[in-house]
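Beneath this line is the structure, given in structure tokens, with notes to follow.
The values are calculated or read from the model by the stated rules, or taken from the named source; none is laboratory data. Remember, it's a predicted structure, so these values are computed and weren't measured experimentally. Don't worry about glycine lacking a Cβ; one is built from the backbone with ideal geometry, like all the others, and counts go over all protein chains shown.
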Amino acid sequence: MNFVNNSSVVRKIWGSTDTVLFIFAGAAAEFSLNKAVDWLYFTGKLPKDPLGRLFSTVVYAQRIVFSTLDEANQSIDQIATIHKQIEAARKTEIPDWAYRDVLFMLINYSIRAFEF
């Protein structure tokens, strides 16, 4: 069983290089204005290699969208582990609203990029 149905618009969106670039171009611009994502800068990896971080994020997203349910859950668990390590190093949790802000931002730009 796939995590995302083969006929889903989500697969169409995340399967298009142009659409994914539009999503991340818009989200990156908004990202820097959002206080909820300060934790993304904690490791220094984002400012040091923004394109590398962009592509690794896209790889994770596509790994989730185009995988079986079990494979997608493994990727999600891996992301959660990385976030837990950052929380431990910062000695503070990433608030749920911060995750929601990022998720809603990606959903919003996914819709906009697809309609474009």
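Number of residues in the range 58-82 that are buried (at least 16 other Cβ atoms within 10 Å of the Cβ) and either within 20 Å of Ile94 (Cβ to Cβ) or free of Cβ contacts under 8 Å to residues at least 40 places away in the same chain (or both) equals 5.
Number of residues in the range 71-116 that are at pLDDT below 85 and on the phi > 0 side of the Ramachandran plot equals 0. Inside the range 83-105, residues that are surrounded by 12 or more Cβ atoms within 10 Å (Cβ to Cβ) and among the aliphatic types (A, V, I, L, M) make up a count of 5.
Looking at Val58, Val65, can you tell me which residue is within 16 Å of Phe22 (Cα to Cα) and under 12 Å from the mean Cα position of the chain (by Cα)?
Details: Val65 fails: within 16 Å of Phe22 (Cα to Cα).
None of the other options fit; the residue is Val58.
In a residue-by-residue description of the range 75-90, the property of being more than 23 Å from Ala29 (Cβ to Cβ), among the hydroxyl-bearing types (Ser, Thr, Tyr) and in contact with a strand residue (DSSP E or B) (Cβ under 8 Å, 6 or more places away or on another chain) applies to no position.
Being part of a helix (DSSP H, G or I) and among the basic types (Lys, Arg) is the filter here; which residues of the range 83-110 pass it? Explain how you work it out, then say what you get.
Kept after step one, since they are part of a helix (DSSP H, G or I), are these residues of the range 83-110: 83-90, 96-110.
Lys84, Arg90, Arg100, listed by residue number.
The numbered conditions (1) at pLDDT 85 or above; (2) not in a helix (DSSP H, G or I) are all true for Leu33 except (1).
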